[in-house]
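Here the structure is laid out as C-alpha cells; the discussion comes afterwards.
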Amino acid sequence: MRREGSAFQGIGVVVLKELSDHLTSVRMRVLEWLVVLVALAALYGAIQQIKDTTAEDPFLFLRLFTTSRDPLPSFVSFISFLVPLMAIGLGFDSVNGEYNRRTLSRILAQPIYRDALLFGKFLAGLATLAISLITLWLLVMGLGLLLIGIPPGAEEIGRSVIFLVVTIIYAGVWLSVALLFSIVFRSAATAALVTLGIWLFITFIWPVLAGAVAQAIVPLDPRYTALGLQTPGTAEAEHFLARLSPSTLFAETVVAILDPTTRSLGPIYLSQLQGAVLGAPLPIGESVLIAWPQTVGMIASAIVLFVIGYVIFQRQEVRA
Amino acid sequence: MSDIVIEANGLTKKYGAATAVDRISFSVGRGEIFGLLGPNGAGKTTTILMMLGLTDISDGGIRVLGFDPAREPLSVKRRVGYLPDTVGFYDQLTAADNLRYTARLIGFKKAEREEKISAALDRVGLADFADKRVSTFSRGMRQRLGLAEILMKGAQIAILDEPTSGLDPHATSELLAIIRGFKAEGVSVLLSSHLLERVQSVCDRVALFSAGRIALMGSVAELGREILGGGFVVDIEADGAGLAERLALIPGVSGVERIGISKLRLHADRDVRPEAAAEVVGSQGRLRYLGVQEPSLDAIYNRYFENRPNEELAMKDGARHAA
C-alpha cells in the first residue's frame, strides 16, 4: 500500500519554523552562554599552559583544544561534557511539547506526513547545534591566533575541521536520544529526567562499569597480572563494552584526530609496533582511518535511535 | 448523488479487544451541517481521526470528497479543515504568525498567504488581534482562530471537534454564527459535541452516538417524531371567550391543556399554528404568543435510552473503555 505524495512535503517549512524557535528561545541563549563562558575558561588555561612550554611542537595549534591546566579541564573535555547537555536541552520536549500545547493534531491535519514533522524537528535541532558549534570553533580559532600569535598550518586546520564535524555528529547522537524520549514520554519533565539520567549513566558510570563487567566475562589471567600487563581477552572485552557508549566513541575519535601521534585506539600488540617510529605523527588521512570506525559507530547509533523514535511516533495516537 | 462529500460504510476501529467505533455508516451532503453527538468516549473523535487519515481504519471504509483517507491523506487534508478538541496554538507566536505557519505547510504562495490570513482573521473578528501573541488569547478567541485557519485554508469540509465545549454562552453563539456562515458558503460542516442542546440549533442532521454505534440518525424534527411518539406541541398565549373549546375543534388537535393565565398548550398531529391563529383572530381575541415546541435532543436521547436500558449499559461500558 503506497502513500500518495512525498513524505518530505513541508519539511522545509517545519525546519525553518523550528530553527527560528530554537534561535530565539531563552533556553538556547542560556546554553550558548554556558558553552561560550566555559570554553573561554578552558581556552585561557590552555593558552597559559602553551605559553609556558618552550619545546618545539609542530602541532601547537591543536594543543589549544587538548591542553589543560589545573584546575580546569581541557577544551575537548568541556565540549564532550556540554554538547550532550545542549542537545538534550534542545530536544527533550520537541514532540511531547506539541502534544502538551495541543498543536500536534492541528499541524498533522495539514497536508503533510508525520515524517516531515519529525525529520524537520531533528534537522532543525542539528542545524541549531551546528551553528553554535561552528561559532564556538571560529571563536577558538580566532582567539588562538590572537593569543598565541602563530598561524595554524593546513593540516592543523584540517584536523580541527574534522574535530568540528565529529562534534556535530556526536551532538546528533544525543539529539536523537532526546527526540526518542520526547516521543516515548508525554511529560516533558519525565523525558528530560530520563534522558539526563541516561547521559549520566553512559558518560560517567558505564566506563567504570565496563571494566568490572569485562573482568566478570573474561577473568584476569594471573600470568599477565604478575608481569604487570593487561590480560588481552579482558582488555578486549572492556574496550568492546566501553565502545557501546557514544561518549567513549567520541573521546576516542577526538584523541585520534587531535593527537597525530595516536596509532591505535585499542590494545597494541608488540608485533604491531615493529618498525614503528614511536612519537612520530601520522598523516591526517591515517588518523582519520583510525577514527573511522568510531565515527561510523556514532552516525549509526544516531540513525538507529532516530529510527526507533520514528517507528514509535508513526504508531502513536495523535489525540491528546 | 454527486453531492455527497463524506460517505462512511461499516467504519470500524478496534483498540486491541475494545471496539471504539463499531460498523458505522453515514453520509454528509454538500453544504450540510451534520452533528456527531453523544457522550464522551462514544467514538466521535476516533471517527473524525479516521476521516483525516490520522489513525488506522480497522475495517470498513470511508470516502472524503471521493478520496480514501488511508491511502490519499494529503489530498483529503488539503481540502478538509480540522478544529481539534481544545485546539492549541504556539503561544509565543502571534495569531497571524500561527496562521502563516499553517499556510506555509499547506503550500500557499507568499502573496496569496497574507491576503487569505487577513481575510480569515477579519471574518472571525480577530483582525485587531492579528499581531498579538496567542498566549494572551481567551479560550473563545483560540477557537475562533482555529476557525480562521479553516477559512484561510478554503476547506470544502470543516470538521469541528467539540467546538463549543468550555465556552461561555456569548462565545458559543458567536461561534455558532461563524459555523452557520460556513454553510452559507457551501462548506459542509461535521460537528461533534456532547452538549446536545447547544448544537441542536445549527445541525441539519444529527447522528447520536452510543458505545461506538450510531443509535439514531436524521434531522432533529424527524427524530423527535420517531422517538417522542410523534405529535406537535403548540403553545399559545391569547385571550378570547371560549378559546380553549374553539381550538379543540381544529382538525388534528388531540388535546388542549391550560398551562397558565390565558396560556394554552395544544397537542396535535401536525403543525396547527395557522389554524390556531385564525381561531384567535376570529374570536376577536388578542394573540400574544404562538409557537411550536421544537423537540429537544436531550429529550429524544433520554427517551431513546429509557426504552433500551441494555444499550445504555453498553454505552456506559463503552465509555469506560474509551476513558
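With an 8 Å Cα cut-off and a minimum separation of 6 or more residues, compute the relative contact order for segment A:197-289 in percent.
25 percent
Give me the number: length gained by fully extending residue A:6 to residue A:53, i.e. 0.36 nm times residue separation minus the C-alpha to C-alpha distance, one decimal in nm.
11.1 nm
Output the pairs from B:44/B:77; A:17/B:132; B:14/B:183 with a Cα-Cα distance over 28 Å in this structure; if there are none, say none.
B:14/B:183
Can you give the percent of C-alpha pairs in segment B:166-296 whose distance is more than 18 Å?
The calculated P(r) of segment B:166-296 puts 63 percent of pairs beyond 18 Å.
Below 8 Å between Cα atoms, with a sequence gap of 6+, how large is the relative contact order for chain B in percent?
Here the relative contact order equals 21 percent.
Describe numerically, in nm with one decimal, the distance between label points set 7 Å from Cα along Cα→Cβ at residue A:221 and at residue B:173.
9.2 nm
In whole percent, what relative contact order does chain A give with Cα contacts below 8 Å and a gap of six or more residues?
Computed over chain A, the figure is 22 percent.
Based on Cα positions only, what radius of gyration and what Dmax would you give for the protein assembly as shown, in angstroms?
35.0, 129
Assign unit charges at the C-beta atoms only (+1 for Lys and Arg, -1 for Asp and Glu), then state the dipole size of segment A:1-132 relative to its Cα centre in Debye, rounded to the nearest 20.
The dipole magnitude comes to about 600 debye.
Using a Gaussian network model on chain A with a 10 Å cutoff between Cα atoms, which of A:171, A:235, A:226 fluctuates the most?
Maximum fluctuation in the GNM of chain A, among the listed residues, is at A:226.
Mind computing the radius of gyration and Dmax over the alpha-carbon atoms of segment B:229-292? Å is fine for both.
Final numbers for Rg and Dmax: 10.3, 34 Å.
For segment A:11-315, what D do you get in µm² per second when you plug the Kirkwood radius from alpha-carbon pairs into Stokes-Einstein at 20 °C and 1.002 mPa s?
The calculation lands on 101 µm²/s.
Using the Cα centre of chain A as the reference point, and only Cβ charges (+1 on K/R, -1 on D/E), how large is the resulting charge dipole? Debye, rounded to the nearest 20.
With Lys and Arg at +1 and Asp and Glu at -1, about 1200 debye.
Which Rg and Dmax, in Å, describe the Cα atoms of segment A:49-169?
In order Rg, Dmax, the Cα atoms of segment A:49-169 give 19.9, 66 Å.
Just to be sure I understand the model, the point goes 7 Å from the Cα along the line to the Cβ. What's the resulting residue B:128 to residue B:278 distance in nm?
Those two pseudo-labels are separated by 5.2 nm.
Counting trypsin sites (Lys or Arg not before Pro) as exposed when in a DSSP loop with at most 14 other beta carbons within 10 Å, what is the longest stretch of chain A free of them?
The reported range is A:4-185.
Within a 10 angstrom radius of the beta carbon, how do A:227, A:147 rank from fewest other beta carbons to most?
If I rank by nearby Cβ atoms, fewest first, I get A:227, A:147.
In Å and whole numbers, how far do the C-alpha atoms of segment A:74-130 stretch along each principal axis, longest first?
Dimensions of segment A:74-130 along the principal axes of its Cα atoms: 49, 19, 12 Å.
Using a 10 Å cut-off around each Cβ of peptide A:108-118, what is the average number of partner chain Cβ atoms that fall inside?
What the average comes to for A:108-118 is 6.
Work from the charge dipole of chain B (Cβ charges, +1 for Lys and Arg, -1 for Asp and Glu, about the Cα centre) and give the residue of B:163, B:111, B:152 farthest towards its positive end.
Towards the positive end, the residue furthest out is B:111.
Of B:224, B:210, B:247, which is farthest along the charge dipole of segment B:203-259 in the positive direction, counting Lys and Arg as +1 and Asp and Glu as -1 at C-beta?
B:210
Can you give the helix-only mean residue ellipticity at 222 nm for the protein assembly as shown, where every DSSP H stretch with n ≥ 4 adds -39500 (n - 2.57) and the sum goes over all residues, rounded to the nearest 500 deg cm²/dmol?
-17500 deg cm²/dmol
Need the list of aspartates and glutamates near residue B:109 for cross-linking: C-alpha distance under 18 angstrom, and skip anything on the same chain fewer than eight residues off.
Candidates past the 8-residue exclusion: B:97, B:149.
If you filter segment B:60-122 for trypsin sites (Lys or Arg not before Pro), then keep DSSP loop positions with at most 16 other Cβ within 10 Å, what is left?
Those satisfying the criteria are B:71, B:109.
Where the centroid of each part is defined by its Cα atoms, how far is segment B:263-304 from segment B:1-59 in Å?
37 Å
Just in segment B:206-283: which trypsin sites (Lys or Arg not before Pro) are loop by DSSP and have at most 15 other Cβ atoms within 10 Å?
B:270
For the pair residue A:69/residue A:146, report the inter-label distance in nm, with labels modelled 7 Å from Cα in the Cβ direction.
Distance between label points: 1.7 nm.
Read-outs throughout are calculated quantities, based only on the coordinates presented, and are distinct from any laboratory measurement. Bear in mind the structure is a predicted one, so any value in this text is a computation, not a measurement. Cβ sites come from the backbone with ideal geometry, for glycine too, and all protein chains shown count toward neighbours.
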